[in-house]
Amino acid sequence: MAIAGAAVAAGLAVAGCSSTIEGRAQPAMETGTVDAVDVTGTPAPGTTSRTTTSSAPTTTPEGGDVSFDAEVGDCVTLGGTTTDASIEEASCGSTESNYKVIGKAEQSTQCISDADNYYAESRNGIEMGALCLDIDWVVGGCMDVGGGTTGPERIECTETSAADGVKVVAIEQGATDVNACGAGSSGYVYPERRFVVCVEEL
C-alpha cells in the first residue's frame, strides 16, 4: 500500500545507468484499505472505521513514470513486503488478482484519498510515479483482507481459516455510509468516490 501507507522496496538496476529503481507499496496493516464497519457505526472486531469527507469525487492526475506497464482498469497482483515489493499483471477477478489500477500519478500522495493502496517507484530516492490501487472486489467473490504485509488475497468462499475473510454481496453506488448495505450489514466505505462495498464476514 502506499507511503501514505507503506513502503515496499524492490531494487531493479537500470540498464546502462548507475541509478536504482525502487518499487514501494503501502503495508497492508497501515492502510489505505477502508475498514469494514457495521451499520451501528461500531467497528468490526479488530478494525477501526476510516472517516473521510468530501463534497465531490475527484480524479487522480495522470502522469509519473512507472516501469511496470499498466493502464487504468487493469488488474495486478501486488505482493512482497515493505522492503521488497512485487507487482505482476493479472486478469481481473482471477485467483491471482488482488488490486485494480484506478489511477496514475506523479507521486503516491496524489492518489485519491480513499484508494486502498498504491505502487510507487523511485529512482535514486526520488519518487518518479505511482499506480493508485483499489482491491479487485468482485460481487459474489471472497477475499481475505487480513492478509498481512502481502495485502488482500482472493479465497474460496468456503475458506474457514482466513484471517479476515469476507464475501462481497453488493456494491452500492452513490453511497457514503454502510447503512446502504442494509440493517446489520458490514461494508467498506469509499467516501470520496461515493460507493460502498457490502460484505458478509466468513
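Read-outs: derived from the displayed coordinates by stated rules, not from any lab. Because the structure is a prediction, the values reported are computed rather than measured. Glycine gets a Cβ as well: all are built from the backbone with ideal geometry, and neighbour counts include every protein chain shown.
For every other residue with a beta carbon closer than 12 angstrom to the beta carbon of residue 136, add +1 if it is Lys or Arg and -1 if Asp or Glu, then tell me the sum. Please report the intermediate quantities before stating the final value.
Values: positive: 100, 154; negative: 74, 96, 116, 134, 153.
That works out to -3.
Go through 101-107, 85-91 and give me the packing order, highest mean Cβ count within 10 Å leading. Could you put the intermediate results ahead of the total?
On the way: 101-107: 20.3, 85-91: 17.0.
Answer by packing, highest mean first, reads 101-107, 85-91.
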Let me know the shape class of the range 95-202, please: from the alpha-carbon gyration tensor, a ≥ b ≥ c as square roots of the eigenvalues, rounded when a/c is under 1.5, otherwise prolate if a/b is greater than b/c, or oblate.
oblate
Add +1 for every Lys or Arg and -1 for every Asp or Glu among the other residues with Cβ under 10 Å from the Cβ of residue 163, and state the total.
-3
The alpha-carbon center of the range 113-132 and that of the range 147-198 are separated, in whole Å, by 24 Å
Backbone HN-Hα couplings from phi across the range 114-119 [Karplus 6.51/-1.76/1.60, Hz, Gly and Pro as x]:
9, 4, 6, 6, 8, 10
So, over other residues within a Cβ distance under 13 Å of residue 92, counting Lys, Arg +1 and Asp, Glu -1, the net charge is -4
